[in-house]
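The values are calculated or read from the model by the stated rules, or taken from the named source; none is laboratory data. Quick caveat: nothing in here was measured; it's all calculated off a predicted structure. Neighbour counts are summed over all protein chains in view; Cβ atoms, including those assigned to glycine, are modelled from backbone coordinates with ideal geometry.
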Amino acid sequence: MAGTNDDDELDGLGKMNSVSDVAKALEVSESKIYELVRSCRIGHYRIDGTIRISRRHVVDYLDSLERGGRGEDECETIGEARPERPRLRRLKI
């Protein structure tokens, strides 16, 4: 299924894709793709703050699912480092 570059479900994907493009190709929501990116389960690039996912990253992710895994466990983010946002705590007054 995902081991070849000729897969029907990936026909609409180019070399570099937006979150929206990948979500459409995999028939999932954009929020699911953002979750996969945040959890490092799908490789991606950050270019000027924009997430781009290569076709190879999508194929690798699908292959890992076929092998019974959850996807990637390490982020392969290349590009600008995004500073971690501080977590806000609720204070009782």
Which of the residues spanning region 24-42 are hydrophobic (A, V, I, L, M, F, W, C) and over 18 Å from ARG55 (Cβ atoms)? CYS40
Somewhere in region 11-21, is a residue surrounded by 13 or more Cβ atoms within 10 Å (Cβ to Cβ), at pLDDT below 90 and not aromatic (Phe, Trp, Tyr)? yes
Of all residues being out of contact with any Lys or Arg (no Cβ under 9 Å at 6 or more places or on another chain) and more than 21 Å from GLY68 (Cα to Cα) in region 35-55, which is surrounded by the most Cβ atoms within 10 Å (Cβ to Cβ)? Just the residue, please. ILE53
Being surrounded by fewer than 16 Cβ atoms within 10 Å (Cβ to Cβ) and modelled with pLDDT under 75 narrows it down to one of ASP63, ASP8, so name that one. ASP8
